[in-house]
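Contents: one structure, followed by commentary.
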Amino acid sequence: MTATTTASEQAVRPEVQALRGYTEQLVAIRSGLALLGWDQKTKLPRKGHADRGRQLGVLAGVLHERATSPELGKLISAVEDVDADNVEARVMRRSYRLSTCLPAKHVVEFTQAAANANQAWEEARERDDFDLFAPHLERVLELSRTSAELYGYETEPYDALHDLYEEGMTAAELEPIFAGLRDPINELIEQQPEADVSALTRTFPLASQVEYCERIAAVMGFDMEAGRIDETVHPFCSGVGMHDTRLTTRYQSDWLPASLFSVIHEAGHGIYDQGFDRLGLPRTIADAPGLGMHESQSRMYENVIGRSRAFWELEYPELQRAFPTALGDVDLDSFVRQINAAQRSLIRVEADELTYNLHIAIRFELERAMTNGDLQVRDLPEAWNAAYEKWLGLRPPNNRDGCLQDVHWTSSFGYFPTYTLGNIYAAQFVEACEAQIGSFDDHLRRGELGPIHGWFDENIYRHGRSFTGREFVERITGGPISPEPLLRYLDGKFGRSA
Ligand code: ZN
């Protein structure tokens with residue numbers, strides 16, 4: 001690895017080398033923030049939260065100062081002057097522009113408000129008490145709306161915030177995508193047999209879950225020597241540093257999918273992150289270009305691979321060995337049917353892949369309305385419940401299973417649509433990948449994930465954030481972003497012909 005790095009360093013211009021050097025300092029500070037944030041959500045004693053919020057605020061201020069310094073602007077310009085098309089300069093220019101839009105005071109206030117909101121949300125969710133969370137949500141929303149004004153937008157404030165997660169995508173583009181998914185998915189839901197998940201609600205000893213989750217992450221391709229798995233309230237993956245990627249999950253002794261599929265999902269994110277380090281990308285571009293692209297990988301591992309019969313043909317005996325009492329008498333077909341049971345439900349993180357996009361449509365609709373000033377925080381619980389009735393025909397019995405279920409709005413608006421974009425990208429990439437390497441099922445049946453990893457290394461990971469999600473899709477498929485491959489995939493899996 002050292003030889004490769006040295007060779008590539010020798011090949012780059014001194015201007016680029018200087019930009020990379022500065023970026024490495026930014027990344028180091030970001031690592032500190034990531035580690036404190038990871039700790040806040042996994043290990044931190046309850047009484048330590050207030051001071052942690054302060055620590056994060058101070059450090060975010062330091063990062064902001066460095067990320068907006070005239071020195072960095074000059075380093076970027078120096079590269080642009082000698083190489084107008086330089087990709088590293090282009091992605092750093094965008095980051096620089098986004099960072100310099102916001103005054104340091106605003107960034108510090110936001111970070112502190114988000115940390116406070118996170119703590120309030122955990123307590124509000126536990127007690128099913130929206131009023132505990134509402135003032136914090138109002139504060140984060142108010143600061144987010146200010147951010148949108150500072151970033152600027154053409155049509156609506158929401159676009160400015162969504163652009164942070166998915167460059168160039170607008171609410172006006174997203175609306176018809178969601179609308180186009182609604183009817184086909186509802187027709188497929190109608191075709192589903194009564195869901196039976198009885199085998200998955202038996203007793204799964206926690207120690208065995210912890211052990212098996214480490215195994216399944218590694219089987220998927222996550223390098224456990226360059227990462228770890230810990231427990232949290234709301235699972236996430238955090239790229240703390242080079243060769244240090246943290247997955248988190250939650251364990252429920254009477255519901256195996258809570259840990260099993262959140263670990264596979266987060267491992268998908270982790271595999272993407274670990275790819276940048278494995279392939280030796282410079283820190284300037286060692287990231288996904290947006291969250292939709294990141295989500296395309298987590299969703300692919302979780303659903304396309306992790307819920308396929310082909311994958312479990314080889315792996316299921318191992319799972320049975322881990323949980324002999326619960327699964328010893330459950331055959332492969334029953335298990336595969338149960339992990340693919342699809343029905344209307346209230347909780348997004350436990351929703352099946354068929355109904356999942358409708359949960360996202362609801363959140364897109366509500367956060368767009370809040371950001372644009374069309375929905376007040378105090379009216380959120382009722383709006384949430386009404387939206388669930390409209391899209392899924394269900395009404396949450398309480399806010400804990402309603403608008404308090406997700407952590408996202410403690411720190412961000414405009415994030416949710418990236419989940420559905422991830423599903424759409426994943427389906428487009430899988431079709432393109434299969435056209436080249438043959439069907440996923442054939443590889444999975446033989447336990448060979450190598451060709452799949454290789455294709456994604458070559459076509460996506462090695463480019464880092466050199467292209468936007470839209471550009472990746474265009475390069476790989478030769479066409480535009482389209483929900484059609486996703487609908488074909490869902491129809492193949494959940495349709496009458498399946
Ligand atoms: Zn994810």
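The values are calculated or read from the model by the stated rules, or taken from the named source; none is laboratory data. Every value quoted in this text rests on a predicted model; they were computed, and no experiment measured them. As a convention, Cβ positions derive from the backbone with ideal geometry for all residues, glycine included, and neighbour counts pool all protein chains shown.
Name the single residue that is surrounded by the most Cβ atoms within 10 Å (Cβ to Cβ) among those in the range 171-212 being β-branched (Val, Ile, Thr), in contact (Cβ under 8 Å) with a residue 60 or more places away in the chain and under 28 Å from VAL263 (Cα atoms).
ILE185
Being among the polar types (S, T, N, Q) and over 30 Å from PHE467 (Cα atoms) is the filter here, so list the residues in the range 368-426 that pass it.
Of the residues in the range 368-426, the ones among the polar types (S, T, N, Q) are 371-372, 376, 385, 398-399, 405, 410-412, 418, 420, 423.
Hits for the range 368-426 are GLN376, ASN385, ASN398, ASN399, GLN405.
What is the one condition in (1) in contact with a Leu (Cβ under 8 Å, 6 or more places away or on another chain); (2) surrounded by fewer than 19 Cβ atoms within 10 Å (Cβ to Cβ); (3) more than 26 Å from VAL233 (Cα to Cα) that THR284 does not satisfy?
Result: THR284 passes all but (2).
In the list ALA117, ALA60, ALA134, ALA148, which residue meets the criterion of being closer than 30 Å to GLU15 by Cα and outside the structural domain of PHE413 (by TED's automatic domain parsing)?
Numbers: ALA117 fails: closer than 30 Å to GLU15 by Cα; ALA134 fails: closer than 30 Å to GLU15 by Cα; ALA148 fails: closer than 30 Å to GLU15 by Cα.
Exactly one residue qualifies, and that residue is ALA60.
Quick check: anything in the range 69-81 in a helix (DSSP H, G or I), among the basic types (Lys, Arg) and crowded, with 17+ Cβ neighbours inside 10 Å? Steps first, answer last, please.
Within the range 69-81, the first condition is being in a helix (DSSP H, G or I), and the residues that meet it are 70-81.
Subsequent filtering for residues that are among the basic types (Lys, Arg) retains 74.
Filter once more, so that each one left must be crowded, with 17+ Cβ neighbours inside 10 Å: none.
No, every residue in the range 69-81 fails to be in a helix (DSSP H, G or I), among the basic types (Lys, Arg) and crowded, with 17+ Cβ neighbours inside 10 Å.
What pairs come out if I take residues in the range 213-230 that are surrounded by fewer than 20 Cβ atoms within 10 Å (Cβ to Cβ) and pair them with residues that are in a loop (DSSP other than H, G, I, E, B) whose C-beta lies under 7 Å away, six or more apart or interchain?
GLY221/LEU449; ALA226/HIS243
Among the residues of the range 236-251, are any within 11 Å of the ligand (Cβ to nearest atom), surrounded by fewer than 23 Cβ atoms within 10 Å (Cβ to Cβ) and either closer than 25 Å to GLY37 by Cβ or over 19 Å from the mean Cα position of the chain (by Cα) (or both)?
yes
Output the number of the condition that ASP131 fails; it satisfies all remaining conditions of (1) under 18 Å from ALA104 (Cα atoms); (2) without any contact (Cβ under 8 Å) to a residue 12 or more places away in the chain.
Here ASP131 clears every test but (1).
Can you work out which of the residues in the range 278-293 that are assigned to a helix (DSSP H, G or I) and in contact with a Gly (Cβ under 9 Å, 6 or more places away or on another chain) is nearest to the ligand (Cβ to nearest atom)?
First, the residues of the range 278-293 that are assigned to a helix (DSSP H, G or I): 278, 291-293.
Going one step further and asking which of them are in contact with a Gly (Cβ under 9 Å, 6 or more places away or on another chain), we end up with 291-293.
Values: LEU291: 8, GLY292: 10, MET293: 11 Å.
The extreme case among them is LEU291.
Looking at (1) in a helix (DSSP H, G or I); (2) within 16 Å of the ligand (Cβ to nearest atom), which one does LYS390 not meet, given that it meets all the others?
For LYS390, the exception is condition (2).
Within the range 342-364, track down each residue that is without any contact (Cβ under 8 Å) to a residue 40 or more places away in the chain and part of a helix (DSSP H, G or I).
Hits for the range 342-364 are HIS359, ILE362.
Scan the range 412-421 and give yes if some residue there is away from the ligand (no atom under 16 Å from the Cβ), surrounded by fewer than 24 Cβ atoms within 10 Å (Cβ to Cβ) and not aromatic (Phe, Trp, Tyr), otherwise no.
There is no residue in the range 412-421 that is away from the ligand (no atom under 16 Å from the Cβ), surrounded by fewer than 24 Cβ atoms within 10 Å (Cβ to Cβ) and not aromatic (Phe, Trp, Tyr).
Among ALA124, ALA120, ALA89, ALA113, which is the only one that is at pLDDT 95 or above and over 24 Å from the mean Cα position of the chain (by Cα)?
Numbers: ALA124 fails: over 24 Å from the mean Cα position of the chain (by Cα); ALA120 fails: over 24 Å from the mean Cα position of the chain (by Cα); ALA113 fails: over 24 Å from the mean Cα position of the chain (by Cα).
Being at pLDDT 95 or above and over 24 Å from the mean Cα position of the chain (by Cα) holds for just one of ALA124, ALA120, ALA89, ALA113, which is ALA89.
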